[in-house]
Amino acid sequence: MKKTIETLMNHRSVRKFKDVELTKSQIKTIVSAAQMASTSSFIQAYTIIGVTDKEKKKKLAALAGGQEYVAESGHLFIFCADLYRHSLIGEWENADVTPSIESTEKFMVTLIDAALAAQNAAIAAESMGLGICYIGGIRNELNEVNKIIDAPDYVLPLFGLTVGVPDQHTEVKPRMPFSMVYHENTYQKEPELLKRNLDEYNQQLSAYYDKRTQGLRNDGWSDQMAKMLQRKSRMYMKEFVEGKKLNRH
């Protein structure tokens, strides 16, 4: 139990990997661990695409914003929301499942199922001494990503997960204070209290960046979030998701 907690508390994103591919045994273990995550009503509404083709990895790395480590990792997993097989079950079992699988509720189920599975995979990989990094950048160009993995209707690529042998060591990035995340019984929405906690966190994160970059960066979380959220990104997503016959009503 202690080792599990230590693994969780020592998580950090790894963006530099040694030139070592994952073995089939490692891939099987990681995916099997992902499958053991909780799943709503046993719906298991996700699929994991393992990308081994080097050219495809390079294309995906470019689509993800030119992140070279996506192509250089030991293995790239693409986690997809998946209700395609459920649509086929409807046909085979002569059941009208379309209104359900095209609903916002089932769309949320697919997202949650996929995220839970991915986190199990990440923890399994880290417990094996491997490094990981989530790749949300694949959502920059989902039309192109969709072509590369040939995903049908009801299947939506959500994010990538790079896994490999780490070739770097970074400090654990400070998270928000416990009091900002955990609220007892009711939501704590007092702005002044939040501001005090946020100011403290900003100072902590600023010191982390200052040390990590040797003075080249020292922004706090508030500044980082304000700048990021001012930029409109991936505004095509609603249309793309609905085009996949998901989240329609």
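Rule-based calculations on the coordinates, nothing more; no lab input. Bear in mind the structure is a predicted one, so any value in this text is a computation, not a measurement. Note that each Cβ is placed from the backbone with ideal geometry, even for glycine, and that neighbours are counted across all protein chains shown.
Stretch GLU68-SER41 to full length: gain in nm at 0.36 nm per residue minus the Cα-Cα span?
5.9 nm
What is the extension gain from LYS3 to TYR134, computed as 0.36 nm multiplied by their sequence separation minus the C-alpha to C-alpha distance, in nm to one decimal? Walk me through the intermediate numbers first.
Details: separation 131, 0.36 × 131 = 47.16 nm, distance 2.24 nm.
Between LYS3 and TYR134, full extension yields an extra 44.9 nm.
Just to verify a number: FRET efficiency for GLN188 and HIS249, C-beta to C-beta distance, R0 = 30 Å, to 0.05?
FRET efficiency, GLN188 to HIS249: 0.30.
Quick check: net charge around ALA34, other residues with Cβ under 15 Å of its Cβ, Lys/Arg +1 and Asp/Glu -1? Can you show the working numbers first?
On the way: positive: LYS28; negative: ASP82, ASP113, GLU126.
Summing Lys and Arg as +1 and Asp and Glu as -1 gives -2.
Are there DSSP H segments in the chain that both extend 27 Å or more along their axis (alpha-carbon positions) and score a mean Kyte-Doolittle hydropathy of at least -1.0? List them, or say none.
Long hydrophobic helices here: 104-127.
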